[in-house]
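Structure record follows, encoded as structure tokens.
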Amino acid sequence: MTTDRSHASLLSLAEEAKIWRRTIHQNPELLFDLPKTAALVSEKLKQFGCDEIIGGLAKTGVVAVINGNLGPGRTIALRCDMDALPMSEQTNLPYASKVENMMHACGHDGHTAMLLAAAKQLAESRDFAGKVVVVFQPAEEGGAGARVMIEEGLLDRFGIEEVYGMHNCPGLDVGSFAIRSGPIMAGGDRFLVTIKGKGGHAAYPHLSHDPVLAAGQTIVALQAIASRFTNPFDPVVVSITYLEGGNGGALNVIPSATRVGGTIRTMNAQTRRMVEERFREVVTATTKSFGCEAEIDWRPGYPVTVNDPAMTVEAAKAASIVAGSEKVDTNWPATMGSEDFSYMLEKRPGAMIWIGNGNSADLHNQAYDFNDDAIVHGVSYWLALVDQRLNGSAGE
């Protein structure tokens, strides 16, 4: 399959995928509301002749089954994400977003195009045993689309035994891959704390219970969670990203309440539970010491993304076939970013791999753009992975 396809043919396929990618880029959509993107994906999959195409999972998710011609075997899933971000694009590219305050700032347009191209080749060749399930998922950016697809029966309905994902990585050379066994991306939780005190005149602070002071001390105290309550070799990030208070610009008034928000990232499930417990203790005790009380709105986020050790080896082998072992880093540092592919990896063995996006702007940056030169490498990886997992003894 992948070994017989000429480099020239793959380049031609990648050029076709580039057109799809730029069309998706110009028409970004958010979360679960992806009618245009889902329609494009469904139309292409039908044109390719996939055996079964199902839409509507998690509202706009699309799933297709491709049966191999070499008899029975395992069923593996290749997954990509399709949604954009609520950001204003500042790239000045000829194919820049046409939609105000929406852009593909994380490369999901590229992920979608690469998986579509792989699906086209797999449906054409079919020289593998078993089944390939291609999963086009909505709402990775904060909507937990992967979890919703699982709840709606994705894994069981299609008999999926293994799951694989791929994400572009700015700063990693085009044509290179990176992966690690075990935790590769952090679990991410969010919080919003409302600190209630007693407002009053700023000239008489002793007659008030100042929630601004309580908020300031709470912000400082929370940093001790990472620096004093967790093992230095167990990564924890506590970031305060939101602070609100005051009375419409009245600078001589102590407000009656403030709000503090942010995110906490961890790489270990046990640590994650401990950090939440410590967070609640610190917030409650600190605000109480200033005569205030706290209402904690804890918002659980995505779990830690954990690569299965055996499947990590398989993914690295496939990447090495495509790029050469010298361009595959198998001990890539874990990132404190989070990814809802983690829900799939909780249910099935598999692996997430990074693919180089070259010297581009960072993810979630208004100047970011997916590097089209990476497409041929991503498509080749998907094909090599299928060849490896579903051919010969691997497919039995």
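Among the residues that make up region 374-394, is at least one of them part of a loop (DSSP other than H, G, I, E, B) and either within 17 Å of the chain's Cα centre (by Cα) or without any contact (Cβ under 8 Å) to a residue 24 or more places away in the chain (or both)?
For region 374-394, residues part of a loop (DSSP other than H, G, I, E, B) and either within 17 Å of the chain's Cα centre (by Cα) or without any contact (Cβ under 8 Å) to a residue 24 or more places away in the chain (or both): absent.
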- Inter-residue pairs, beta-carbon under 7 Å, first closer than 20 Å to L213 by Cβ and in contact (Cβ under 8 Å) with a residue 24 or more places away in the chain and in region 272-295, second among the acidic types (D, E) and surrounded by fewer than 20 Cβ atoms within 10 Å (Cβ to Cβ), 6+ apart: T287/E293
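Return yes when S88 is out of contact with any Ser or Thr (no Cβ under 7 Å at 6 or more places or on another chain), of a type in the set (G, A, S) and surrounded by fewer than 18 Cβ atoms within 10 Å (Cβ to Cβ) and no when it is not. Outline the logic, then answer.
Details: out of contact with any Ser or Thr (no Cβ under 7 Å at 6 or more places or on another chain): yes; of a type in the set (G, A, S): yes; surrounded by fewer than 18 Cβ atoms within 10 Å (Cβ to Cβ): yes.
Against the criterion (out of contact with any Ser or Thr (no Cβ under 7 Å at 6 or more places or on another chain), of a type in the set (G, A, S) and surrounded by fewer than 18 Cβ atoms within 10 Å (Cβ to Cβ)), S88 qualifies.
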- Message: Being of a type in the set (S, T, N, Q), crowded, with 19+ Cβ neighbours inside 10 Å and in the same structural domain as Y204 (by TED's automatic domain parsing) is true for just one of T312, T287. Which residue is that?
- Response: T287
- Hey, does region 118-138 have a residue that's of a type in the set (G, A, S) and within 12 Å of the chain's Cα centre (by Cα)? no
- Find the strands (runs of 3 or more DSSP E) located wholly in region 1-104 whose residues include 2 or more that are in contact with a Cys (Cβ under 8 Å, 6 or more places away or on another chain), and list them. 61-67
- Starting from region 139-152, take each residue that is closer than 15 Å to E346 by Cβ and list its partners that are part of a loop (DSSP other than H, G, I, E, B) and hydroxyl-bearing (S, T, Y), counting only C-beta distances under 7 angstrom and pairs at least six apart or across chains. A144/Y302
- Starting from residues that are hydroxyl-bearing (S, T, Y) and assigned to a helix (DSSP H, G or I), keep the ones in region 314-336 and report whichever is farthest from G165 (Cα to Cα). S325
- Task: Kindly check whether there is at least one residue in region 120-127 that is polar (S, T, N, Q) and modelled with pLDDT under 95.
- Result: yes
- When restricted to L11, L45, L31, the only residue crowded, with 18+ Cβ neighbours inside 10 Å and either under 30 Å from D362 (Cα atoms) or of a type in the set (V, I, T) (or both) is L31
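The values are calculated or read from the model by the stated rules, or taken from the named source; none is laboratory data. Being a predicted model, the structure only gives us computed values, none of them experimental. Positions of Cβ are backbone-derived with ideal geometry, glycine not excepted, and every protein chain shown enters the neighbour counts.
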